[in-house]
Each structure stands twice: as C-alpha cells, then as structure tokens.
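Chemist: What follows is a single structure, and I will ask about it in a moment.
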Amino acid sequence: MASFNCFALAFFVALSFSSIDVGLAARQLQKLPPMPTLPTTTLPPLPSIPNLPQPSIPSFPRLGALPPLPTMRALPTLPPLPSMPSIPTIPTAIPSIPFFSPPPSPSSP
C-alpha cells in the first residue's frame, strides 16, 4: 500500500510540474502581437462520380415443388420419474412456557 501512495505522490508532483510549463507557455503566447490574417483560397469542385452499369443477377431455373421432408421416427418412451419424498411440516403453534412459582420465602422470627 505504501508503494501505491509513493506512486500517487510522484504522479501528482509530475502533473504539477507539467502544468507549470503549460501556464508559462500560455503567458508567453499572450504577450505576442496578434497574427495577421492569412488569405483564403477557393477549393476546386469535386469530380463527378461516373455512372457505372448495374450488374444483372442471373435467374435460376425453378424446380417446382420442394422434395418431401424426411419423417421423424417415434421417440422412445422414458421410465416414470420416482416419487418425491414428502416434505415434513413445520409446526406453527408456539408451545406455552410453564410458569414456575417462586420458592417460598423464609419466615422471619
């Protein structure tokens, strides 16, 4: 865990130093005189796409009716599953707790 904390601290310090350089560079750019505007040129028109002939899809001969599907054979019968044992029932009535009387107190003389 200590190595992770050391790595995180080193990463934070490196990030701090890199942002200092960026701040100084931005300040230097603000001190420069404004750049002159560059002349703009017009782009030539795009060439047109030639019309290519469309390929024709050959037609296949129609065979008529499809051949009959194969018939399925009868599935074998499975033996019956064994019966599940009955689940015991949980009693829902709470039995009463017997109340014992306190022991007799000793008689005082």
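Chemist: Identify the single condition in (1) in a helix (DSSP H, G or I); (2) of a type outside the set (A, V, I, L, M, F, W, C); (3) open to solvent by 100 Å² or more (accessible area, probe 1.4 Å) that SER18 does not satisfy, given that it satisfies every other one.
Modeler: SER18 satisfies all of (1) in a helix (DSSP H, G or I); (2) of a type outside the set (A, V, I, L, M, F, W, C); (3) open to solvent by 100 Å² or more (accessible area, probe 1.4 Å) except (3).
Chemist: Suppose the filter is surrounded by 10 or more Cβ atoms within 10 Å (Cβ to Cβ) and either in contact with an Asp or Glu (Cβ under 6 Å, 6 or more places away or on another chain) or free of Cβ contacts under 8 Å to residues at least 12 places away in the same chain (or both); does ALA65 pass it?
Modeler: Answer is no for this residue.
The values are calculated or read from the model by the stated rules, or taken from the named source; none is laboratory data. Treat the numbers as computed from the prediction; the structure is a model and nothing was measured. Here Cβ is always computed from backbone atoms with ideal geometry, including for glycine, and neighbour counts include all displayed protein chains. What goes into the accessible areas is simple: the full protein's heavy atoms, side chains included, and nothing from ligands, DNA or RNA. Shrake-Rupley method; radii C 1.70, N 1.55, O 1.52, S 1.80 Å.
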